[in-house]
1. Tell me whether region B:73-81 contains one or more residues that are without any contact (Cβ under 8 Å) to a residue 12 or more places away in the chain and outside any helix (DSSP H, G or I).
2. Go through the residues of region A:134-156 one by one and say whether even a single one is touching a strand residue (DSSP E or B) at 6+ places or on another chain (Cβ under 7 Å), closer than 27 Å to residue A:220 by Cβ, touching a residue at least 24 places away in the same chain (Cβ under 8 Å) and within 16 Å of ligand 1 (Cβ to nearest atom).
3. If a residue must be in a helix (DSSP H, G or I), at the interface with chain A (Cβ under 7 Å from one of its Cβ atoms) and surrounded by fewer than 24 Cβ atoms within 10 Å (Cβ to Cβ), how many such residues does region B:177-198 contain?
4. Checking residue A:204 against (1) more than 28 Å from residue A:106 (Cβ to Cβ); (2) within 13 Å of ligand 1 (Cβ to nearest atom); (3) over 11 Å from the mean Cα position of the chain (by Cα): exactly one of these is not met. Which one?
5. Tally time: how many residues in region A:71-90 are closer than 14 Å to residue A:7 by Cβ and within 16 Å of ligand 1 (Cβ to nearest atom)?
6. Name the residue, out of A:60, A:83, that is at positive phi, outside any loop (DSSP other than H, G, I, E, B), away from ligand 2 (no atom under 16 Å from the Cβ) and touching a strand residue (DSSP E or B) at 6+ places or on another chain (Cβ under 7 Å).
7. If I filter region A:71-80 down to residues being in a loop (DSSP other than H, G, I, E, B) and surrounded by fewer than 17 Cβ atoms within 10 Å (Cβ to Cβ), which single residue comes out as farthest from the other protein chains (Cβ to nearest Cβ)?
8. Only one of these is touching a residue at least 24 places away in the same chain (Cβ under 8 Å), away from chain B (no Cβ under 14 Å) and within 16 Å of ligand 1 (Cβ to nearest atom): A:60, A:53, A:41. Name it.
Ligand SMILES: Nc1ncnc2c1ncn2[C@@H]1O[C@H](COP(=O)(O)OP(=O)(O)OP(=O)(O)O)[C@@H](O)[C@H]1O
Ligand SMILES: [Mg+2]
C-alpha cells in the first residue's frame, strides 16, 4: 500500500482557453488534513470534480492508495472509499433527513437492489444512519424534510452522508461556507476529530478554520499550485500573500 | 384535509363499489366504464413508476401499451384462425389463454422498455421526451404498415380470451380480473417506493450527483424503473385489447402517451392512486361530455389547466393539502 491515500499527478483541465487545472500534483497522507485554498474561480471545485469523477481530466492521473482510478466512474471511486461533500448541497430535498443518510448506507453496502422490504426497517442500516446523524448533531431533525433545513444543517447533512460510506479519504468542498461563527466553530472541532478516522482533502475559504485544522496547505491560483507547506510556511510565504491572502494574515 | 392513506384505500374501494352497484342495477355499460378506468389506471400506474418516482417523462409509453395490445391480438388471431405463427424456424401456436397472453405482453414490453431505455437514458430532459416519443412513433408507423395483422384497420378478436375459472364474457367478472391486477400493481408500487430501490430511485430523480457519490448508478436505477414501468403498461395494453376485442395502431399513438401523462398530472404526480383518479375523471368526461360534444377534450384540457394552475400535486394534492408525495 502506498503512503498516499489519494494523489493526483500532473492533472490538467482546460475549458476552452481557460486553464482551470494546470499541472496539479497533490497528495493526501493518512491522518492529515490537507487544505486547498485559493481565490474564487481558482479551480478548486474543478479539481475536486476530477478527483471524485464526473469531470475527466485532459491529462494526468488520479490515484487512490497507489491504484490508478483516472478512468473509473464516480460510483466506482465512491465504492473504492472516497467520501465527498459538495460546495452546493446535493441532497434529495423532498426526502427526510434520515432518508438522505439511509441512501448513503445503501450505497456503502451495495444494497440498493432490494425491491420489497421497507428501506427504513433494516436495523443495522438504521443504526448506522442514526449514528452518523448523531455525530454531526442532526439526530433531532431526522424526520424533517430536508428542504426545511437551514443552510448550515444541510452542510452537516452532507458530511453525515459521507460518514455513512466509512470512506478511506474525505474530499470536502467548502463545508463551512455559510455556517456562521458558531457553526464554523463546531464544524472545525468535528473535522479535527475526523482526521483520525480518515484524512481530509479540504477546500475552504475560511482562513481561521484552515489555519486551525490543516497539517498541510496548498495554494491554488489560476489552476496552478503555487505553494504547498505547513501553516507556518504558508503564513510566511511572500508569494502566497501577494497572490492570494492580500492583507497580512 | 384528508389523509392520503384514506384516499389510497377509498379510491380503489370506490371503483369497486360502483362496479358492484352497476352489477346489481344491471347496467353492464357502467361496468364496462369502470373496467376502462381500471385498465387505463393500470397503464398510468405503470407510467407513474417511471415518471412519478424516477422523474422520467416518457412520451412514448403508448409503445408498451400497443405492444401489450398486439401481443394479445396476434396470439388470439392465430388461435382463432387455427394458423400457427411462424417466425423463421420457430413455430408458435396462438392462444386464447389470458395468463399466457399476459406473460407474453409483460415480457415483450419489458424487453422493449429495456432497449428503448438503454438508448433514451443517455439523454435527459426535453431530449428524453423527444426520443421516447420517436420510439413510440416508430412502432406506430410499423403497426400501420404491418398488413399481416390488419395494418391501419387493426385486428378484431371475436371472443374475449379465457381465464381459468372465470367467464370473461360476463362484464363484472372481467372487471374483477382487471381490478385485481390494478390492486396488485398498486401494492407493487407501494412496496417498491418504500424499498431500498425506491429510496435510491427517488433520490436519483432529485439529486443524481448525490446518488453517484454514494456509489450507486442513477442511470441503472432509472433503467430498471423504466422496464418495470413499461411491463405494467404493457399488461394494461393486453387487457385493453381484450376489453375492446380489438387492436389497432391507435394503441401506439402519441395521443395515448400524452393522455397517460395527463391522467397522472390530474391525479397527482408520484401519488399512488393518482393515476386511478385521473383515469376515472378521464372516462367520466369522455362518457358524459363526449355524449354532448365531439370536442370533449376541451373539458379535459380545462380541468388539466385548473389543476396545473391552482393545485400543485393534482387532485390528491388538493384533497390532502400536500403538494408532493413526500411533503
Ligand atoms: N463546466 C465549465 N465550463 C466552463 N468553465 C468552467 C466550468 N466549470 C468551471 N469553469 C470555470 O473554471 C474556473 C474554475 O472554477 P471553479 O468552480 O473550479 O473555481 P473555485 O476555485 O471552486 O471557485 P469558488 O471559490 O468560487 O468555489 C472558473 O473560471 C469557472 O468559471
Ligand atoms: Mg468552488
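1. Filtering region B:73-81 down to residues without any contact (Cβ under 8 Å) to a residue 12 or more places away in the chain leaves none.
Taking every residue of region B:73-81 in turn, none turns out to be without any contact (Cβ under 8 Å) to a residue 12 or more places away in the chain and outside any helix (DSSP H, G or I).
2. Within region A:134-156, none of the residues are touching a strand residue (DSSP E or B) at 6+ places or on another chain (Cβ under 7 Å), closer than 27 Å to residue A:220 by Cβ, touching a residue at least 24 places away in the same chain (Cβ under 8 Å) and within 16 Å of ligand 1 (Cβ to nearest atom).
3. 3
4. All conditions pass for residue A:204, except number (3).
5. Initially, region A:71-90 is screened for residues closer than 14 Å to residue A:7 by Cβ, giving A:77, A:80-82.
Now narrow it down to the ones that are within 16 Å of ligand 1 (Cβ to nearest atom): none.
The qualifying residues number 0.
6. Numbers: A:83 fails: at positive phi.
Matching residue, one of A:60, A:83: A:60.
7. Within region A:71-80, the first condition is being in a loop (DSSP other than H, G, I, E, B), and the residues that meet it are A:71-73, A:80.
Retained after the next criterion (residues that are surrounded by fewer than 17 Cβ atoms within 10 Å (Cβ to Cβ)): A:71, A:73, A:80.
Working: A:71: 16, A:73: 8, A:80: 9 Å.
In this case the residue turns out to be A:71.
8. Numbers: A:53 fails: away from chain B (no Cβ under 14 Å); A:41 fails: touching a residue at least 24 places away in the same chain (Cβ under 8 Å).
From the options A:60, A:53, A:41, the qualifying one is A:60.
The values are calculated or read from the model by the stated rules, or taken from the named source; none is laboratory data. Since the model is a prediction, treat every value here as computed from it, not as a measurement. Methodologically, a virtual Cβ is constructed for each residue, glycine included, from the backbone with ideal geometry; neighbour enumeration extends over all protein chains shown.
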